[in-house]
1. Between Gly182, Gly76, Gly15, which gets the highest mean-square fluctuation from a Gaussian network model of the chain, Cα cutoff 10 Å?
2. Would you mind giving the three semi-axes, in whole Å and largest first, of the ellipsoid equivalent to the range 119-230 according to its Cα gyration tensor?
3. Calculate how many DSSP beta bridges within the range 140-262 are antiparallel, expressed in % of all such bridges and rounded to the nearest 5.
4. Which residue, Arg162, Arg54, Arg87, has the most motion in a Gaussian network model of the chain that connects Cα atoms within less than 10 Å?
5. Report the Stokes-Einstein translational diffusion coefficient (µm² s⁻¹, integer) for the chain, Rh taken as the Kirkwood radius over Cα pairs, at 10 °C with viscosity 1.306 mPa s.
6. Using a Gaussian network for the chain with springs between C-alpha atoms less than 10 Å apart, which of these wobbles most: Gly120, Gly63, Gly108?
7. Taking the Cα centre of the chain as origin and charging only Cβ (+1 Lys, Arg; -1 Asp, Glu), how large is the dipole, in debye to the nearest 20?
8. Once Rh for the range 127-178 is found with the Kirkwood sum over Cα pairs, what is the Stokes-Einstein diffusion coefficient at 37 °C and 0.692 mPa s, in µm²/s?
Amino acid sequence: MTSSMDNAFRRSYHGARAALEQVLQHESGTDAAHVGDELWAVARLLDGNPTLRRSLGDPSREGADRSRLAERLLSGRIGEGALQVTRAVAAERWAGPGSLVDALERLGVEAVLAHAERHGRLGQVEDELFRFSRIVEGDVELQAALSNRRAEPAARVKLVDRLLAVKTAPETVRLARQAASGLRARRFDRTVAAYLEQAAERQQQVTATVISAVPLTHEQHEKLVGALSRQYGRQVHTNVVIDESVVGGIRVEIGDEVIDGTVSHRLEQARRRMTS
């Protein structure tokens with residue numbers, strides 16, 4: 001699952017997501033996180049079964065036929081809500097069978113984020129997942145352990161359970177566990193980055209990673225957020241990372257855009273001019 005969707009995927013995903021929203025909105029008692037778990041379970045089933053994956057993603061079959069096939073295969077094995085969403089996914093036309101799996105995983109993330117939102121924990125989940133990703137990124141051995149495709153997924157998931165504190169939001173744990181499972185053989189860091197992008201989209205905001213040598217004061221932080229929000233025309237959420245190697249100034253990363261005003265960057269630019 002890439003961090004940004006192409007147009008073809010987006011069109012198909014829009015229809016499938018509408019089915020998820022209908023399930024979550026019209027059934028107020030629905031455990032959204034459980035729906036997410038079941039959608040991930042279906043994604044893992046298809047990821048490990050190429051024949052089944054091709055059958056549900058076969059563009060030569062009518063969408064209604066693929067939807068009925070999904071119901072025959074999964075009825076009684078997952079809840080009605082997750083089944084309704086899976087049928088909708090199967091009915092859409094995807095670029096390939098792998099895109100169908102990606103859609104199911106992404107919808108599972110949406111469901112878990114919706115659960116966090118219902119309980120007032122969505123911002124907390126985004127912050128905790130970001131901090132955990134930085135911990136992993138800063139530890140070579142931990143990064144290797146969570147990216148080891150030769151290790152059983154259950155072992156990587158167990159490692160996540162050991163690392164996350166008891167006070168961590170349950171949705172954060174769910175998302176980290178899913179990222180560690182290595183669906184579609186994706187790297188842990190890239191998967192978490194995609195999940196964080198979904199969390200930002202759900203809150204209708206842009207997320208910026210701010211790298212600074214020292215913590216920002218409240219006034220500096222508010223001024224930065226205000227400037228970025230005006231520039232991007234949306235509320236900007238910041239994740240601040242302290243890195244003494246930047247010496248001074250700040251570096252702001254928003255998606256593929258980088259605003260580098262650090263002293264280390266300016267020194268490097270000066271060095272290059274002197275040696276060119």
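1. Sorting by GNM fluctuation, first place goes to Gly76.
2. Details: eigenvalues 156, 47, 36 Å².
Semi-axes (√(5λ), whole Å): 28, 15, 13.
3. On the way: 8 of 16 bridges.
Among the beta bridges of the range 140-262, antiparallel pairing accounts for roughly 50 percent.
4. Arg162
5. Values: Rh = 20.3 Å.
Roughly 78 µm²/s, to the nearest whole number.
6. Answer for the Gaussian network model of the chain: Gly120.
7. Working: 39 positive and 38 negative charges, 134 e Å.
The calculation lands at about 640 debye.
8. Numbers: Rh = 11.3 Å.
It comes out at roughly 291 µm²/s.
No lab work stands behind these numbers, since they all come straight from the coordinates. Just so it is clear, the structure is predicted and the values come from calculations on it, not from any experiment. Cβ sites come from the backbone with ideal geometry, for glycine too, and all protein chains shown count toward neighbours.
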